[in-house]
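Chemist: Got a structure for you, written out below as structure tokens; questions coming shortly.
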Amino acid sequence: MADFKPAYLRTLVWESGYGIIPGDDGGETYMGISRKYNQQFPGWAIIDKYKKEAGGKIKHNTRFKKDTVLEEMVYNFYLLEYWSRKARGNEIKNQQVAELVYDMVVNHGAGARVINSGLMSLGATIQMVISNGKKKPVNKITNDSLNYMNAMPAQAYAAIWKARDLYYKSDDDYERFKNGWTNRLNSFAKEITV
């Protein structure tokens, strides 16, 4: 099965430090963990302590590397919430597929939906839901998704990469974030050989 640590380190390049980017739906983040969507992250108490010590404001992209407790909280949060639960990376056999999937679910709340839509192009049967009046794939990695990723990793990878590219280009915030999103996606090869 795929290994979490290389996936974690690869994604962390794009998710480092403290930030509040005006207009970003995630709001306040630390190491890519959005307070709005991840209120259960135990590190918020430590971040709040640092904010209070700094007079209520932390400089953008500040990372508290010397705080080993906070660093461990970030690592464990990503391992449990994103790698194991949302990406199901611990169930994916191919490392490159697992890293692409993990990075997408970290980068976007609809990441699993995008992954599933890519896999549907290969024939995967994915549960559909109604979201904003439209029929869309469910936003979770399903057993059928895993079966396709594990049985045909090269095809699954290419389909997921393409679906992610199309998703970015159709997102309302594409013009604003396209440089970061494009660079992030292009850090992954378009195709792999197995």
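The values are calculated or read from the model by the stated rules, or taken from the named source; none is laboratory data. Bear in mind that the values here come from a model prediction, so they are computed numbers and not experimental data. Note that each Cβ is placed from the backbone with ideal geometry, even for glycine, and that neighbours are counted across all protein chains shown. Remember, those area values only see protein heavy atoms, side chains included, never the ligands or the DNA or RNA. Shrake-Rupley method; radii C 1.70, N 1.55, O 1.52, S 1.80 Å.
Chemist: Can you name the residue in the range 43-62 that is in contact with a strand residue (DSSP E or B) (Cβ under 7 Å, 6 or more places away or on another chain) and either open to solvent by 70 Å² or more (accessible area, probe 1.4 Å) or part of a loop (DSSP other than H, G, I, E, B) (or both) and, of all such residues, is nearest to Asp103 (Cα to Cα)?
Modeler: Per the criteria, the residue is Asn61.
Chemist: Take the residues in the range 30-39 that are without any contact (Cβ under 8 Å) to a residue 12 or more places away in the chain and open to solvent by 70 Å² or more (accessible area, probe 1.4 Å), then tell me which one is farthest from Glu175 (Cα to Cα).
Modeler: Across the range 30-39, the extreme among qualifying residues is Gln39.
Chemist: In the range 7-29, what residues are surrounded by fewer than 13 Cβ atoms within 10 Å (Cβ to Cβ) and closer than 18 Å to Gln95 by Cβ?
Modeler: Result: Leu9, Val13.
Chemist: When you scan the range 74-81, do you find a residue that is surrounded by fewer than 17 Cβ atoms within 10 Å (Cβ to Cβ), at pLDDT below 95 and under 23 Å from Met149 (Cβ atoms), even just one?
Modeler: No, that holds for no residue.
Chemist: Something else now. Quick one: count up the residues across the range 85-106 that are open to solvent by 40 Å² or more (accessible area, probe 1.4 Å) and in a helix (DSSP H, G or I).
Modeler: Number of matching residues: 6.
Chemist: Also, I was wondering about something else. Quick test for you: out of Lys140, Lys86, Lys93, pick the one residue that is under 26 Å from Lys5 (Cβ atoms), touching a Pro at 6+ places or on another chain (Cβ under 8 Å) and not hydrophobic (A, V, I, L, M, F, W, C). I'd like the intermediate steps shown before the answer.
Modeler: On the way: Lys140 fails: touching a Pro at 6+ places or on another chain (Cβ under 8 Å); Lys86 fails: touching a Pro at 6+ places or on another chain (Cβ under 8 Å).
Exactly one of Lys140, Lys86, Lys93 is under 26 Å from Lys5 (Cβ atoms), touching a Pro at 6+ places or on another chain (Cβ under 8 Å) and not hydrophobic (A, V, I, L, M, F, W, C), namely Lys93.
Chemist: Among (1) closer than 24 Å to Gly109 by Cβ; (2) out of contact with any helix residue (DSSP H, G or I) (no Cβ under 7 Å at 6 or more places or on another chain); (3) free of Cβ contacts under 8 Å to residues at least 40 places away in the same chain; (4) assigned to a helix (DSSP H, G or I), where does Glu81 come up short?
Modeler: In the conditions (1) closer than 24 Å to Gly109 by Cβ; (2) out of contact with any helix residue (DSSP H, G or I) (no Cβ under 7 Å at 6 or more places or on another chain); (3) free of Cβ contacts under 8 Å to residues at least 40 places away in the same chain; (4) assigned to a helix (DSSP H, G or I), Glu81 misses (3) alone.
Chemist: Just wondering, is there one or more residues in the range 110-119 that are at pLDDT below 95, surrounded by 20 or more Cβ atoms within 10 Å (Cβ to Cβ) and assigned to a loop (DSSP other than H, G, I, E, B)?
Modeler: So far as the range 110-119 goes, no, none of its residues is at pLDDT below 95, surrounded by 20 or more Cβ atoms within 10 Å (Cβ to Cβ) and assigned to a loop (DSSP other than H, G, I, E, B).
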